[in-house]
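Take a look at the structure below.
The values are calculated or read from the model by the stated rules, or taken from the named source; none is laboratory data. These numbers were taken from a predicted model, which means no experiment stands behind them. Neighbour counts run over all protein chains shown; Cβ positions are idealised from the backbone, glycine included. Quick note on the areas: whole protein, heavy atoms, side chains included, nothing else; ligands and nucleic acids left out. Shrake-Rupley method; radii C 1.70, N 1.55, O 1.52, S 1.80 Å.
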Amino acid sequence: MAVLAGTVALVALTSAIAPPASAALFGPPVAFPVGADPVSVAARDLSGDGKQDLAVANVGSSTVSLLLGDGNGGFGPAATYPVDGAPWSVAVGELNGDGWPDLAVALRDANAVGVMLGTAGGGFGPAVRYPVGGRPVSVGIADFNTDGQRDLAVANQDPRSVAVLFGTGSGAFGPAALHGPGAINGDLQSLAIGDINGDGKLDTATTAEGISSSSLRTIRSLKLARAKRRR
């Protein structure tokens with residue numbers, strides 16, 4: 001795979017009022033340099049200054065870039081954090097209860113998810129790895145079992161499954177439980193979390209790229225919540 005210099009592009013909304021169908025809703029993209037081959041981006045106030053910042057996973061340089069926002073749509077130079085294992089997806093959430101956002105990074109070539117705990121001012125510690133299935137490509141953060149602690153959901157390509165790791169509230173996670181192996185055709189590419197069926201419990205949706213077509217699969221979290229309570 002060729003290693004390419006990377007940028008993250010900001011496309012700003014031009015108006016809060018719906019424009020005519022022929023009008024452009026967004027302005028032209030503005031590029032900000034990051035690491036090589038960026039493949040995932042997440043937005044959040046990471047430094048606690050009330051302004052939105054960006055975290056970017058760069059698979060080509062095995063790094064995560066952090067860009068602090070100025071509140072006007074601009075960003076400062078990227079700070080770089082080395083993260084071995086081919087970072088393929090990044091998610092932001094508060095994982096250890098200290099009030100600072102943390103990062104979860106799907107490490108495709110390490111068969112693991114890396115957790116980088118945030119520090120005051122928008123910095124991050126080294127990635128602590130937790131094994132998941134093979135070739136994880138997407139990660140999300142949510143409280144699946146409603147215990148008030150953030151958990152992780154990770155889409156794996158081998159086996160084709162969604163791994164769920166329950167959080168302890170200290171920034172650590174229990175062993176991964178695999179859901180859906182053998183039921184998904186094609187290689188998983190992306191994962192999203194939401195209450196899809198309106199029962200008040202979170203579900204996961206994944207896209208799967210296969211020979212015939214792409215598919216959307218959901219794994220209802222009712223079983224995940226029950227499994228947690230029985231332990």
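Assorted remarks:
- Peptides 154-165, 170-181, ordered by how many other C-beta atoms sit within 10 Å of their residues on average, highest first, read 154-165, 170-181.
- Mean shadow area of the stretch 94-194 over all directions, Cα convex hull, nm²: 6.2
- Whole-percent carbon and sulfur share, accessible surface of the stretch 74-169, 1.4 Å: 49
- From most to least packed by mean Cβ count within 10 Å, the peptides 100-107, 89-96, 127-134, 42-49 give 100-107, 89-96, 127-134, 42-49.
- Gyration tensor (alpha-carbon) shape descriptor, the stretch 25-78, a/c threshold 1.5: oblate
- Residue-normalised accessible area of the stretch 128-218, given per residue in Å² at a 1.4 Å probe: 46
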